[in-house]
1. What single numbered condition from (1) closer than 29 Å to residue 188 by Cβ; (2) over 20 Å from the mean Cα position of the chain (by Cα); (3) without any contact (Cβ under 8 Å) to a residue 24 or more places away in the chain fails to hold for residue 82?
2. Quick check on my filter: what residues within the stretch 102-128 are assigned to a helix (DSSP H, G or I) and more than 20 Å from residue 168 (Cα to Cα)?
3. Looking at the stretch 136-151, which of its residues are part of a helix (DSSP H, G or I) and farther than 20 Å from residue 121 by Cα?
4. Could you tell me whether the stretch 61-76 includes any residue that is surrounded by fewer than 22 Cβ atoms within 10 Å (Cβ to Cβ) and either modelled with pLDDT under 95 or over 30 Å from residue 144 (Cα atoms) (or both)?
5. Do you know which of the residues in the stretch 1-48 that are assigned to a loop (DSSP other than H, G, I, E, B), surrounded by 15 or more Cβ atoms within 10 Å (Cβ to Cβ) and touching a residue at least 40 places away in the same chain (Cβ under 8 Å) is nearest to the chain's Cα centre (by Cα)?
6. For the structure I just gave you, tell me whether residue 114 is within 20 Å of residue 194 (Cβ to Cβ) and surrounded by fewer than 16 Cβ atoms within 10 Å (Cβ to Cβ).
7. With (1) closer than 30 Å to residue 153 by Cβ; (2) at pLDDT 95 or above; (3) surrounded by fewer than 22 Cβ atoms within 10 Å (Cβ to Cβ) as the list, and residue 104 as the residue in question, which single condition is left unmet?
8. Which one of 159, 121 is over 14 Å from residue 93 (Cα atoms) and at pLDDT below 95?
C-alpha cells in the first residue's frame, strides 16, 4: 500500500486510539464532566497521576495523527486536477491542521489551545460540507457528496461548543475520522480518479 494511503488510514485512527489510551491513564476522568483537553494538560492531577505521561500520549497522538492526515490530503490535492475539488480538500486539510495544533497547544496554552480546539470542532462540519458541495456537480461522485453533506449535518447537530464534555467531543472526533476514512477509502478504490482527469 502506498505511504499516502497508509498515512490517511492510520493517522485518524491513531489519534482516536491515543485519546482512549490517555483516558485509560486517567482513572478519575469522567466522560460526562471533563473535556478531552484535560488529558493533554501537562500538570493536571485531578483526573489521575502521571499527567506528563498522559499528556505525551494524548498530545503526541493528536499531533502525529493530524500530521499523517495532512500528508495524505496534501498528496490528494497535488494529484487532483479538478480545481473545485482541490479547494474542497482544503477543508479536511485545515481540520487536520487544527487537530495537530491541539497536540502542540495543549490546555496549558490558553489562547493557542482555544483557537486550535474550536477550529478543529468547527472545521468538522465545514470540511465535510465543502467537499460534499464540490462533488455534487460531478455525476460519478455525486452520491458520495450527498453522504458527506449528511455527515456535515450530523456533525452540526452534534456540535455543542458551549459544553466541552468529553462524550460529545469524542463523538465529533469519530465523525471527523469517518469523514477522513471515507475520502481515503474512495481514493484507494479509485472512485476519485475522475477528479484527477478533469
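1. (3)
2. The answer is 104, 110, 111, 112.
3. Of the residues in the stretch 136-151, the ones part of a helix (DSSP H, G or I) are 139-151.
Within the stretch 136-151, 139, 140, 141, 142, 143, 144, 145, 146 qualify.
4. The initial filter retains those residues of the stretch 61-76 that are surrounded by fewer than 22 Cβ atoms within 10 Å (Cβ to Cβ), namely 63-64, 67, 70-71, 74-75.
Pick out the ones that are also either modelled with pLDDT under 95 or over 30 Å from residue 144 (Cα atoms) (or both) and you get none.
No: the stretch 61-76 contains no residue that is surrounded by fewer than 22 Cβ atoms within 10 Å (Cβ to Cβ) and either modelled with pLDDT under 95 or over 30 Å from residue 144 (Cα atoms) (or both).
5. Initially, the stretch 1-48 is screened for residues assigned to a loop (DSSP other than H, G, I, E, B), giving 1-2, 25-35, 41-48.
Pick out the ones that are also surrounded by 15 or more Cβ atoms within 10 Å (Cβ to Cβ) and you get 25-26, 29, 34-35, 41, 44, 47-48.
Those left that are additionally touching a residue at least 40 places away in the same chain (Cβ under 8 Å): 29, 34-35, 41, 44.
Values: 29: 22, 34: 20, 35: 17, 41: 20, 44: 25 Å.
Per the criteria, the residue is 35.
6. Numbers: within 20 Å of residue 194 (Cβ to Cβ): no; surrounded by fewer than 16 Cβ atoms within 10 Å (Cβ to Cβ): yes.
When the stated conditions are applied, residue 114 does not pass them.
7. All conditions are met except number (1).
8. Values: 121 fails: over 14 Å from residue 93 (Cα atoms).
Criteria check complete, one pass: 159.
The values are calculated or read from the model by the stated rules, or taken from the named source; none is laboratory data. As the structure is a prediction and not an experimental result, all values here were calculated from the model. Cβ: placed from backbone, ideal geometry, glycine included. Neighbour counts: every protein chain shown.
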